[in-house]
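One structure below.
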C-alpha cells in the first residue's frame, strides 16, 4: 500500500502509546531504550557522512545503524527517525544473497516529497519532543519563538538541536496545539 499523505493522527497515537508503554513522563525521552524495546539493535558506524542512518530488517530482526561522527543530538534524531520507519513502514526489499528490507535516507527525505520520510521525521519530532511535555514546559509563559535562549534551554532539556526544537515549536504553534 502506497501512503498518499502523512498520517499525523496515527503518529500521535503511536507516540502516546509508546510513552505510556515505557512509562515516560518527562524529557529527555530515552529513544534508544524505546527502539531496543521495539526489537531494534542499534549500531554506530562510520559512513563517511554519506548516510545519517539506516534501518535494516530481516524477518523479525531489525538493526538501526547511525553515523558515528554526528553530534549526539543528531544521533538521537536519527535513531528516532529510523524507529519511525520501523514502526510505520514496511521498507523496500533488496536482494543480495538473501532477502532483507532496508529504509535508507533518500535525497528526497528533506524535500517534503517522500511521504515515508515526512512521517518518520514527524514521528522523530513527536517522540523526542512530545506535545504534552512541551505544553507543560511553556504553560503560563509568554513564549516567543524568536527567544533563542529559551529555545536553546528547551532543546538542551529534550536533548535535541535548537533547530529541531524550533521546527517542532513552529509546527505545533501553527496548528494551534501550543
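Brief remarks on what is shown
- Selection count, the stretch 35-51, where residues are out of contact with any strand residue (DSSP E or B) (no Cβ under 9 Å at 6 or more places or on another chain) and surrounded by 15 or more Cβ atoms within 10 Å (Cβ to Cβ): 0
- Segments classed as strands (runs of 3 or more DSSP E), wholly inside the stretch 18-127, with at least 2 members that are modelled with pLDDT of 95 or more: 40-45
- Each residue in the stretch 12-25 was checked for being closer than 20 Å to residue 161 by Cβ and loosely packed, with under 11 Cβ neighbours inside 10 Å, and 0 pass.
- Residues (touching a helix residue (DSSP H, G or I) at 6+ places or on another chain (Cβ under 9 Å) and in contact (Cβ under 8 Å) with a residue 60 or more places away in the chain) located in the stretch 25-73: 26, 27, 28, 29, 31, 34, 73
- Residue list for the stretch 128-165, filter: without any contact (Cβ under 8 Å) to a residue 40 or more places away in the chain and outside any helix (DSSP H, G or I): 139, 140, 141, 142, 143, 144, 145, 146, 147
- Criterion violated by residue 154 - all others in (1) within 15 Å of the chain's Cα centre (by Cα); (2) crowded, with 20+ Cβ neighbours inside 10 Å satisfied: (1)
- Checked against (1) under 14 Å from residue 83 (Cα atoms); (2) surrounded by fewer than 15 Cβ atoms within 10 Å (Cβ to Cβ), residue 9 meets all criteria but (1).
- Residue check: residue 67 meets all listed conditions (1) surrounded by fewer than 18 Cβ atoms within 10 Å (Cβ to Cβ); (2) farther than 17 Å from residue 158 by Cα but one, namely (1).
- Condition met for residue 55 (surrounded by 19 or more Cβ atoms within 10 Å (Cβ to Cβ), under 21 Å from residue 121 (Cβ atoms) and in contact with a strand residue (DSSP E or B) (Cβ under 7 Å, 6 or more places away or on another chain)): yes
The values are calculated or read from the model by the stated rules, or taken from the named source; none is laboratory data. Bear in mind that the values here come from a model prediction, so they are computed numbers and not experimental data. Note that each Cβ is placed from the backbone with ideal geometry, even for glycine, and that neighbours are counted across all protein chains shown.
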